[in-house]
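Student: My structure is below; once you've seen it, I'll send some questions.
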Amino acid sequence: MTAEHEHNGHGHQGHARVISRGAIAKNLLIATAITAIIFIAELIGGILTHSLALVSDAGHMFIDIASLVLSFAAIKLSQRAPTSRNTFGFYRVEILAALLNGATLFALSGFIFYEAIRRFGTPENVKSVPMIIIAFIGLISNIASGLLLHGDSHHNINARGAFLHIVGDALSSVGVIIAGFIIYFTKWELADPIVSMVMAAVILKGAYGLVKESVDVLLESVPKSVNLDTVKEEIMAVAGALEVHHVHFWAISSNVYALAAHVRVNNMNISDTEGLSELVRNRLKAEYNIEYVTLQFECSECREEPLDKGVSCAIKPGASDH
């Protein structure tokens, strides 16, 4: 007999603090407006000052705008209720958005590397003072947007993707300012492409982590923060089980987890397993923030003795995980 527990996770307050998706969407919208204004200023400024670093930063900001809009749309879609076809709802839209954001960061890094290498052969006369001023304004906007999304990024992978774009922008702005001062005091024009390459390397590192985490979720890997053996021991201890096997633990989205397992127990009435299921679900919800739990109970006596020998089992072993 299978005992199941499923519920919509909207607004769930688990072991970890969960920020509402509505609040995250609002912060993303504000960050998008700030970023769009600075993007226009940096693009015009980069063209007028002949600064690759500044144009690269503007290009990064353009990617950020697309990333923030994508993240906002994904958050809104993830709030839609489950349907008969999408029984878990639309949480995974956030993961797809995060994966796409990571891919665009890879592409942006490649473009900056390409342009920087090209400039080593043909350095341009960079106007350092306006370059520094515009980059400083950009940095202030990056800090404002980053503060908006920082808390969200700890609880939502989609928001983390947008936050990493903003962090990359902030680092780019710092790099542009440094390059501007070097050029101003030393007239060494190669500081511009060199700093650009350093910024691209930092962006690339963040992109790799984001893509890897997104792929782990899509492959339904056990979350890195969870030890599966510990979870099995927890179930055995709470249910007084003889064995826990065929355990599957995966993330549907950020902080939305699911678990399915077979639990072998001594012979008991089916009604008694309902109480065990409730105990296990409550413990897993409190300790691991698991939204969906499916338990299939198996009778130890049924496994060890054939039914025609008179053994009466209230719970028969099942062949399926779900």
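Student: Residue 118 to residue 219: FRET efficiency via 1/(1 + (r/R0)^6), r the Cβ-Cβ distance, R0 51 Å, to the nearest 0.05? Display every interim value, and only then the final one.
Tutor: Numbers: r = 38 Å, r/R0 = 0.74.
Step by step, r from the Cβ atoms, then E = 0.85.
Student: Here is a follow-up. If you average over every viewing direction, what projected area does the convex hull of the Cα atoms of the range 153-292 give, in nm²?
Tutor: Numbers: hull surface 41.2 nm².
Here the figure is 10.3 nm², rounded to one decimal.
Student: Figure the gain on full extension for residue 272 and residue 201 (residue separation times 0.36 nm, minus the Cα-Cα span) and round it to one decimal in nm. Before the final figure, lay out each step's value.
Tutor: Working: separation 71, 0.36 × 71 = 25.56 nm, distance 5.80 nm.
Additional length available on full extension: 19.8 nm.
Student: Nearest-5 percent of antiparallel DSSP beta bridges in the chain?
Tutor: Working: 12 of 21 bridges.
Roughly 55 percent of the beta bridges in the chain run antiparallel, per DSSP.
Student: Also, I was wondering about something else. As I understand it, the dipole of the chain uses +1 on the Cβ of Lys and Arg and -1 on the Cβ of Asp and Glu, about the Cα centre. Which of 72, 146, 55 lies farthest toward its positive end?
Tutor: 55
Student: What are the radius of gyration and Dmax of the chain, computed over its Cα atoms and given in Å?
Tutor: When restricted to Cα atoms, the chain yields Rg and Dmax of 26.4, 94 Å.
Student: For a quick check: with amide H placed at 1.01 Å from N, whose amide H comes under 5 Å from residue 257's, ignoring anything fewer than 5 positions away on the same chain?
Tutor: Sorted by chain and number, the residues that satisfy this are 252, 291, 292.
Student: Okay, next question. Could you work out how far helix 92-121 tilts from the main Cα principal axis of the chain, as a 0 to 90 degree angle to the nearest 10?
Tutor: With rounding to tens, the tilt is 30 degrees.
Student: Please determine, in degrees from 0 to 90 and to the nearest 10, the orientation of helix 21-49 with respect to the longest principal axis defined by the Cα atoms of the chain, where the helix direction is its Cα long axis.
Tutor: Result, in degrees: 20.
Student: While we're here: Could you work out how much longer the chain between residue 86 and residue 33 gets when fully extended? Use 0.36 nm per residue separation minus the Cα distance between them, nm to one decimal.
Tutor: Values: separation 53, 0.36 × 53 = 19.08 nm, distance 3.25 nm.
15.8 nm is the gain from fully extending residue 86 to residue 33.
Student: Follow-up. Averaged over all directions, how much area does the convex hull of the C-alpha atoms of the range 228-309 cover when projected, in nm²? Write down the numbers at each step before the final one.
Tutor: Numbers: hull surface 22.1 nm².
Its Cα hull, projected and averaged over all orientations, spans 5.5 nm².
Student: Let me ask something additional. Rounded to the nearest 10 degrees, what's the angle between the helix 270-288 long axis and the longest principal axis of the chain, both from Cα atoms, 0 to 90?
Tutor: Taking the Cα atoms of the chain, the angle to 270-288 is about 20 degrees.
Student: Based solely on its DSSP helices, what 222 nm [θ] is calculated for the chain when runs of n ≥ 4 H residues each add -39,500 (n - 2.57) and the sum is averaged over all residues, nearest 500 deg cm²/dmol? Please list the in-between numbers first.
Tutor: Working: 9 runs with 206 residues, N = 322.
So the calculated ellipticity at 222 nm is -22500 deg cm²/dmol.
Student: Over the chain, with a Gaussian network built from C-alpha contacts below 10 Å, which listed residue (121, 89, 138) shows the highest mean-square fluctuation?
Tutor: 121
Student: Ok, one more. With θ set to phi - 60° and the Karplus curve 6.51 cos²θ - 1.76 cosθ + 1.60, what are the ³J(HN,Hα) couplings of the range 201-207 in order, to the nearest whole Hz, using x for Gly and Pro?
Tutor: For the range 201-207, the Karplus-derived couplings read 5, 5, 4, 4, 4, x, 5 Hz, x marking Gly and Pro.
Every number here is computed from the coordinates shown, using simple stated rules; none is lab data. Note that the coordinates shown come from a computational prediction; the quantities given were computed from them, not determined experimentally. Cβ: placed from backbone, ideal geometry, glycine included. Neighbour counts: every protein chain shown.
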